[in-house]
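Please treat every number below as a calculation from the coordinates, not as lab data. For clarity, every value in this text was computed on a predicted model and none was experimentally measured. In this analysis, Cβ positions are derived from the backbone assuming ideal geometry, glycine residues included, and neighbour counts consider all displayed protein chains.
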Amino acid sequence: MVIMLDALARGLGKQLARHRRRPFLEAAMAASALVAAADGKITFSETSRVDDIVRHLSMLKVFDVHESLDLFQDYIAAIQEDAAAGKAQALEAVANGAKDHELSVLLVRLCAAISQADGEFHPTERDVIVEICHVLGLRPEDLDIDTS
């Protein structure tokens, strides 16, 4: 009986963690899509970097990698279908998903990692990161990220 209760508690704990972290997952995949799509081409290295982030970032480990990448691809598809509406949808997810300063900074650092995945920090990627900073109430110059 104790073993069954322990298993139930672990399962509920994981579900609760997934529920609490879902807005950050949405924000992370939306921001990643914005940065990856900024220069007009989504490279394998950018998608691979998103995969690595989901696998290794403790906040996101509770999610299935495929679920996360599907969400990333959904944001990419929305941006490609209608750039303005897709961008607005993604920025709304960003604003809703990083409610405190630490999560906001983490999200911007994640964006910087995506932007550098293909070895090229394109000016449009930089512009998107600056816009994400503003949405999150951060000053890009206060972060250790090249936004010049």
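Brief remarks follow.
- Relative intensity, log₁₀ I(q)/I(0), of region 18-126 from a Debye sum that treats every alpha carbon as a point, q = 0.11, 0.14, 0.22 Å⁻¹: -0.28, -0.47, -1.24
- Pairwise alpha-carbon distances in region 62-105 exceed 14 Å for 59% of all pairs.
- Trypsin sites (Lys or Arg not before Pro) restricted to region 45-148 and DSSP loop, no more than 13 other C-beta within 10 Å: Lys61, Lys99
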